[in-house]
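One structure is given here, and the rest of the page talks about it.
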Amino acid sequence: MRLRATPHSPCPTPPRGRRRARPWAAAAVAALSLATALPQAGAAAAATAPAPPPASATAPTPTAAATPAAADTGTETDTGRPGDIVRSAPTSFHPLPGVPTATRAWHVEYRSTTATGRPNVVSGTVIVPVDGRTGPRPLVTYAVGTVGPGDHCAPSAGFPHGTTVEANLINQVLGRGWAVAVTDYEGLGTPGEHTYTVGRAEGHAVLDAARAALRLPQAGLAADAPVGIMGYSQGGQASSWAAELRASYAPELNVKGTATGGVPADLLRTADFNNGNIGAGLVLMAAAGQNAAFPELRLDRYLNDKGRFYLDFVTKHCVAVDVVAGLFKRISDVTVRNPLYEADWQRRLRESDLGTRAPDHPVYLYHGTLDELIPYDVGRKLRADWCGKGASVRWQTLPLGHVTGVIAGAFPAMDWLAERFTGQRAEGGNCGA
């Protein structure tokens, strides 16, 4: 992560020896920002638009009984279970700036759990189609890909303005008549730092977003509504963790299947792959996310002056800016020693590894063979680990990269979820293929 920034040039230039790669890298980054939920369209509006009101830094004291149902004018409730709504208020959902949708939406702040088991409050959005449908409606709890550490990057901040680009895929989910819950993840839109890449915290946030949607009276969802889990990239990590945790953490959810792709199931392998690569900017973001969850890691002890400058820079911006700023940088250029070689860092990073337990419901897992950010062998090993533990896994490879895979893989994933919602058996997946 070699930085050549000056006070007037916050986005450093790549090393001279790699300048020939710039056109391809720039194209990849441009596609990344399009496909992984950076508020890109209408960027000026996104940069200045205020985020929804954050939860108070100190959550309300839990009480034994729930308070009356939230009103559509904006409400705060006070209960103590994960998934209980602390506050809700109407918002709007737009896949593009100025493009309306036949939906109702609510910004919610709901109770969840940190990676270390402490209670916290996370924000998100619940969206329901206005389509005249009566009777049970499926719910998809949707985990977005990397958006960046700044609160203004949160999905819920972009939905009212049509600047959360992954909203285009979410709109396709809504078009099938399914309700959608979208978490902002821990520390993104609420007080505290975003615990980016901390798998257990992400999984809790995804499952509790589903609980919050089912408990939001205005959404009109049945408590036993069929639930699907979906996500790609960081969202693939989050949705996969939700799949693994469902049985122990949220057994009451009627989960029919998880569709998950581009999964960084092994963070140490992924960090090594991106060190000096086009995804190098994500490595320091991930280190900051781990440090936010586990302050005893003391990331500051390992950073040099360039590293401290760069860390301050990435935490204030969204993903495309951070990726461009970090193109082809190496960890050794921003640290006095590499924290990823330290035992305490490796132990915490290994805690986010996937494949240590089998999901208790069918999974559709997909990965691009040309993935430029998450090595294909990481996805293939996750498939082997889950299959080896008896999970029902439908494995799909795509002859594509990471960025193109999010779009190409989403529609077959939705079709697979539709089959689960209509009661079709997953037929044991294709673990033996």
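Quick check, is A286 touching a Ser or Thr at 6+ places or on another chain (Cβ under 6 Å), open to solvent by 10 Å² or more (accessible area, probe 1.4 Å) and either at positive phi or among the small types (G, A, S) (or both)?
Numbers: touching a Ser or Thr at 6+ places or on another chain (Cβ under 6 Å): yes; open to solvent by 10 Å² or more (accessible area, probe 1.4 Å): yes; either at positive phi or among the small types (G, A, S) (or both): yes.
So A286 passes the test.
Filter the range 332-351 down to the residues that are of a type in the set (A, V, I, L, M) and more than 24 Å from the chain's Cα centre (by Cα), then identify the one that is surrounded by the fewest Cβ atoms within 10 Å (Cβ to Cβ).
So in the range 332-351, the residues of a type in the set (A, V, I, L, M) come out as 334, 336, 340, 343, 349.
Next cut, more than 24 Å from the chain's Cα centre (by Cα) only: 334, 336, 343.
Details: V334: 26, V336: 12, A343: 7.
Here the answer is A343.
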> Does the range 362-379 contain at least one residue that is within 30 Å of A250 (Cα to Cα), part of a loop (DSSP other than H, G, I, E, B) and over 18 Å from the mean Cα position of the chain (by Cα)?
Replying inline: yes
>> Cβ-Cβ under 8 Å, sequence separation 6+ or interchain: first residue in the range 264-281 and under 21 Å from V321 (Cβ atoms), partner of a type in the set (F, W, Y) and open to solvent by less than 20 Å² (accessible area, probe 1.4 Å). Which pairs?
In response: G276/F328; N277/F328; I278/F328; A280/F328
>> For the range 118-161, which positions are among the polar types (S, T, N, Q), part of a strand (DSSP E or B) and either touching a Cys at 6+ places or on another chain (Cβ under 6 Å) or farther than 21 Å from K316 by Cβ (or both)?
In response: N120, T125, T141
>> For the list (1) open to solvent by 40 Å² or more (accessible area, probe 1.4 Å); (2) among the small types (G, A, S); (3) at pLDDT 95 or above, I need the number of the one condition that S233 fails.
In response: (1)
> Does the range 216-228 contain at least one residue that is out of contact with any Phe, Trp or Tyr (no Cβ under 6 Å at 6 or more places or on another chain), modelled with pLDDT under 95 and part of a helix (DSSP H, G or I)?
Replying inline: no
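Kindly provide the set of residues from the range 175-209 that are closer than 21 Å to G220 by Cβ and either open to solvent by 20 Å² or more (accessible area, probe 1.4 Å) or in a strand (DSSP E or B) (or both), ordered by number.
Those that are closer than 21 Å to G220 by Cβ and either open to solvent by 20 Å² or more (accessible area, probe 1.4 Å) or in a strand (DSSP E or B) (or both): G175, R176, A179, V180, A181, V182, T183.
For the range 320-334, indicate whether the set of residues that are within 19 Å of N277 (Cα to Cα), among the aliphatic types (A, V, I, L, M) and assigned to a loop (DSSP other than H, G, I, E, B) is non-empty.
Restricting attention to the range 320-334, the residues satisfying the condition of being within 19 Å of N277 (Cα to Cα) are 320-334.
Among the residues that remain, those that are also among the aliphatic types (A, V, I, L, M) are: 320-321, 323-325, 327, 331, 334.
Those left that are additionally assigned to a loop (DSSP other than H, G, I, E, B): 327, 334.
Scanning the range 320-334 turns up at least one residue that is within 19 Å of N277 (Cα to Cα), among the aliphatic types (A, V, I, L, M) and assigned to a loop (DSSP other than H, G, I, E, B).
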> Residues in the range 132-148 that are surrounded by fewer than 24 Cβ atoms within 10 Å (Cβ to Cβ) and touching a residue at least 12 places away in the same chain (Cβ under 8 Å): how many?
Replying inline: 4
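Being at pLDDT 95 or above and within 26 Å of L327 (Cβ to Cβ) is true for just one of T258, T197. Which residue is that?
Values: T258 fails: within 26 Å of L327 (Cβ to Cβ).
The match here is T197.
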> Among (1) at pLDDT 95 or above; (2) surrounded by fewer than 17 Cβ atoms within 10 Å (Cβ to Cβ), which single condition is T125 missing?
Replying inline: (2)
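Checking the structure you have, find out if any residue of the range 196-213 is of a type in the set (F, W, Y) and more than 30 Å from L299 (Cα to Cα).
Checking the range 196-213: not a single residue is of a type in the set (F, W, Y) and more than 30 Å from L299 (Cα to Cα).
The values are calculated or read from the model by the stated rules, or taken from the named source; none is laboratory data. Computed from a predicted model, the values in this text were never measured in an experiment. Note: ideal-geometry Cβ built from the backbone for every residue, glycine included; neighbour counts use all protein chains shown. With ligands, DNA and RNA removed, areas are computed over all heavy atoms of the protein, side chains included. Shrake-Rupley method; radii C 1.70, N 1.55, O 1.52, S 1.80 Å.
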